[in-house]
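Q: Pasting in a structure now, in C-alpha cells, and then I'll have a few things to ask.
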Amino acid sequence: MTVGNTSKRRQPSLAQLRAFSAVAEHLHFRDAATAIGMSQPALSGAVAALEETLGVTLLERTTRKVLLSPAGERLAVRARAVLEEVGALMAEAEAVRAPFTGALRLGVIPTVAPYLLPTVLGLVHDRYPDLDLQVHEEQTANLLEGLTTGRLDLLLLAVPLGMPGVVELPLFDEDFVLVTPLGHDLGGRSGIPREALRELNLLLLDEGHCLRDQALDICREAGREDAPVTTTAAGLSTLVQLVAGGLGVTLLPRTAVRVEATRSDQLLTGYFAEPAPTRRIALVMRTGAARRAEYQELAAALREALRPLPVRVWGTGN
C-alpha cells in the first residue's frame, strides 16, 4: 500500500482549531476572542495560520462582518468534532486519575437554580471539596446545546426531554401550587380542582422557559384551549410581584414557594386536589459520558440531600 504525502504535511494545532471554532460560532473576532480567553491579535493569527496549514480560505472578511467560506462551513463541523473528542479524552484521563476532582461545568435552568443550588453547593463543598463546580444558568435550549457541544458537562433541569444522545438521572417530582393575590376566591384553599384553571387570568414566564410550557400543558390538560397570555415576566420573582399587584394568578413549583411566595404579604398559596400537576427534575448527561459513574453517584447523593425539601425524591415510591 502506498502512503501519500498527507502524513508529511504540517498538522493544525488545537489552539488554531479552538480559535477557528470560536470565530465560526460567533462570526465576530472580538466576541470569539473573549469567549476563549485569547487576545484578538492572537486569535486572528491562529486562524490565519490554520488557513495556511490547510491550504484553504476559511473565512470571508469584510469591513463590517465575518462570514464562513464554503470550505469554512464544512471544516467548522470537523473542528468542533475534534475539540469535543479532545475534551472527552481529557475528561476520561481526569476521571481515571481522581474522581470528583477538576472542573465540572453544571448547567441549571432559572426556575431551579435559586431553590436547589444552596443544597447542591453545600453537598459539593462538604462531600467533594476537590471538585471545581462551575455553574451556568441558562434556558433549556441553550443548556442542551452546551451539553451536546461539550461546553457543559452536566445539566440540572426539568424532564423528560425526549432527546437522543442524553441520559436522564431523575432526582425528584414536585407539585405545582397556585399563587393568588389576597382576596382571591381560591387563595389559600386546598383541594383546588384543575378545572379551575380554565377561567383564571394566568400569568406566565416569557417564551423559552420550560416552566411556561409546563404551565400551558397543565392548562390544556384542564380543558383550557386558549393560551392565557396577557402579561409575562422574565423570572419568577417578577411574576409573583405581578400577582401581588392584582394582575392575575400564577403557578409555582413547590421548591420555589418558600423563596418567592414570601416576598409579599399580599400573596396566598393554594393547593391542587390529588393528583396535583407536577414536574420532574433530573441531572442530564451525555450518553457515554466519561464521568458517568461520578454523575450517577452525585445524583444519588443529591437525592439524599434533597429529602428535606417539599418534593417526592426519586426511588422512594416514585
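Q: Add -39500 (n - 2.57) for each DSSP H run of 4 or more in the chain, then divide by its residues: what number comes out at 222 nm, to the nearest 500 deg cm²/dmol?
A: Calculated at 222 nm, the ellipticity per residue is -13000 deg cm²/dmol.
Q: Just the projected area, averaged over all directions, of the convex hull on the alpha carbon atoms of the range 33-117: how many nm²?
A: 9.0
Q: Report, to the nearest 10°, how far helix 292-305 tilts away from the longest principal axis of the Cα atoms in the chain, using its own Cα long axis and a range of 0 to 90°.
A: That helix lies at roughly 20 degrees to the long axis.
Q: Cut-off 10 angstrom, C-alpha nodes, Gaussian network model of the chain. Which of VAL159, VAL243, VAL86 fluctuates the most?
A: Judging by the Gaussian network model, the answer is VAL86.
Q: Now a separate question. At what distance in angstrom do the alpha carbon centres of the range 274-318 and the range 79-95 lie from each other?
A: That distance is 26 Å.
Q: Could I ask something else about it? Given Cβ point charges of +1 (Lys, Arg) and -1 (Asp, Glu) and nothing else, what value in debye, to the nearest 20, does the dipole of the range 138-238 about its Cα centre take?
A: Computed about the Cα centre, the dipole is about 140 debye.
Q: Can you compute the modelled spin-label distance between ALA141 and ALA234, with each label point 7 Å from Cα toward Cβ, in nm?
A: Distance between the two pseudo-spin positions: 1.7 nm.
Q: Oh, and also: Ratio to report: Rg/Rh of the range 261-318, with Cα atoms as the point set and Rh obtained by the Kirkwood method; give two decimals.
A: With Rg and the Kirkwood Rh in hand, the quotient comes to 1.12.
Q: Another question, if that's okay. Given Cβ point charges of +1 (Lys, Arg) and -1 (Asp, Glu) and nothing else, what value in debye, to the nearest 20, does the dipole of the chain about its Cα centre take?
A: 840
Q: Give the long-range amide H neighbours of VAL108: residues separated by 5 or more places, or on another chain, with amide H under 5 Å away, using H modelled in the peptide plane at 1.01 Å from N.
A: Under 5 Å from the amide H of VAL108 lie the amide H atoms of HIS136, GLU137, GLU138, LEU156, each far enough along the sequence or on another chain.
Q: Restricting to Cα pairs below 8 Å that are 6+ residues apart, what does the relative contact order work out to for the chain? Please round to a whole percent.
A: 20
Q: Stretch ALA88-GLN40 to full length: gain in nm at 0.36 nm per residue minus the Cα-Cα span?
A: Gain on extension, ALA88 to GLN40, equals 14.6 nm.
Q: Sticking with this one: So how far apart, in nm, are the two label points at LEU117 and ARG61 if each is 7 Å from Cα heading toward Cβ?
A: Placing both labels 7 Å beyond Cα along the Cβ direction yields 3.9 nm.
Q: Jot down the per residue volume, in cubic angstrom and as a whole number, of the convex hull over the alpha-carbon atoms of the range 83-156. If you can, show how the numbers build up before the last one.
A: Values: hull volume 5.2 nm³, N = 74.
It is 70 Å³ per residue.
None of the figures in this text is laboratory data; all of them are computed from the coordinates on show. Keep in mind that this is a model prediction, so the values were computed, not measured. With ideal geometry, Cβ positions are generated from the backbone for all residues, glycine too; neighbour counts draw on all protein chains shown.
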